[in-house]
């Protein structure tokens, strides 16, 4: 299946902001997947259904286990319900159409619930934008956001290239000039959780 890369570049947002911590109320989920680094944490927002949270975190962990995460460092993955997604992303000055975003200086990636369970209106919108739903769209979102997270990369095209390499099972590598630039920036160094 051909991915609509240009749309993916535009729609998956990488947001760097200090208001992030005040915007999300989260609860940690104690579910572990063998092979995932201990430095990776999983949470859902307080308004995410608790049973659905555990189920969706397990799904996310299973998908993440496909990829080499050793270089990720301390990172948090947060799931947020679709009901308030547009409002949440708008507060962070992001693109509310995007079902995922990363806050690099907070060491966090947030995924919308629509990536895990269908919501008719949102599913139609995501299908129109990405040409995929379900597991293929979740993999696209995960690998793209790993491009931001693992490379401390704010550039959408470079994150998309990294994600494409991960999905094709190639040895994914960060763009050299971006990695050097990012690793010397304060944002890249502040990958610890808030």
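If you filter the range 100-122 down to residues that are under 14 Å from residue 56 (Cβ atoms), in contact (Cβ under 8 Å) with a residue 60 or more places away in the chain and within 11 Å of the chain's Cα centre (by Cα), you find that the one that is surrounded by the fewest Cβ atoms within 10 Å (Cβ to Cβ) is 100. Residue 118 meets the conditions (1) part of a loop (DSSP other than H, G, I, E, B); (2) modelled with pLDDT of 90 or more; (3) under 30 Å from residue 51 (Cα atoms) in every case but one. The failed one is (2). Annotation: of all residues in the range 87-99 being assigned to a helix (DSSP H, G or I) and in contact (Cβ under 8 Å) with a residue 24 or more places away in the chain, the one that is surrounded by the fewest Cβ atoms within 10 Å (Cβ to Cβ) is 91.
Could you figure out which of (1) more than 14 Å from residue 140 (Cα to Cα); (2) assigned to a loop (DSSP other than H, G, I, E, B); (3) under 16 Å from the mean Cα position of the chain (by Cα); (4) at pLDDT 80 or above isn't true of residue 38? With respect to (1) more than 14 Å from residue 140 (Cα to Cα); (2) assigned to a loop (DSSP other than H, G, I, E, B); (3) under 16 Å from the mean Cα position of the chain (by Cα); (4) at pLDDT 80 or above, residue 38 is out only on (3).
Among residues belonging to the range 100-113 that are in contact with a strand residue (DSSP E or B) (Cβ under 9 Å, 6 or more places away or on another chain) and part of a helix (DSSP H, G or I), point out the one that is modelled with the highest pLDDT. It would help to see each step written out before you state the result.
From the range 100-113, those in contact with a strand residue (DSSP E or B) (Cβ under 9 Å, 6 or more places away or on another chain) are 100-104, 106-113; that's our starting set.
If we keep only those that are part of a helix (DSSP H, G or I) as well, we get 104, 106, 113.
Numbers: 104: 92, 106: 90, 113: 96.
Top of the filtered list is 113.
Taking (1) crowded, with 17+ Cβ neighbours inside 10 Å; (2) assigned to a helix (DSSP H, G or I); (3) at pLDDT 90 or above in turn, residue 67 satisfies each apart from (2). Within the range 151-194, being in contact with a strand residue (DSSP E or B) (Cβ under 9 Å, 6 or more places away or on another chain) and either at pLDDT 90 or above or farther than 23 Å from residue 58 by Cβ (or both) holds for 153, 154, 155, 156, 159, 191, 194.
Per-residue answers, yes or no, for (1) out of contact with any strand residue (DSSP E or B) (no Cβ under 6 Å at 6 or more places or on another chain); (2) part of a helix (DSSP H, G or I):
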site: 34; (1), (2): yes, no
site: 51; (1), (2): yes, yes
site: 57; (1), (2): no, yes
site: 85; (1), (2): no, yes
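In the range 1-26, of all residues being modelled with pLDDT of 50 or more, in contact with a strand residue (DSSP E or B) (Cβ under 9 Å, 6 or more places away or on another chain) and surrounded by 13 or more Cβ atoms within 10 Å (Cβ to Cβ), the one that is nearest to residue 147 (Cα to Cα) corresponds to 20.
The values are calculated or read from the model by the stated rules, or taken from the named source; none is laboratory data. Since we're looking at a predicted model, the values are computed, not measured. Quick reminder, even Gly has a Cβ in these numbers, built from the backbone with ideal geometry, and neighbours come from all protein chains shown.
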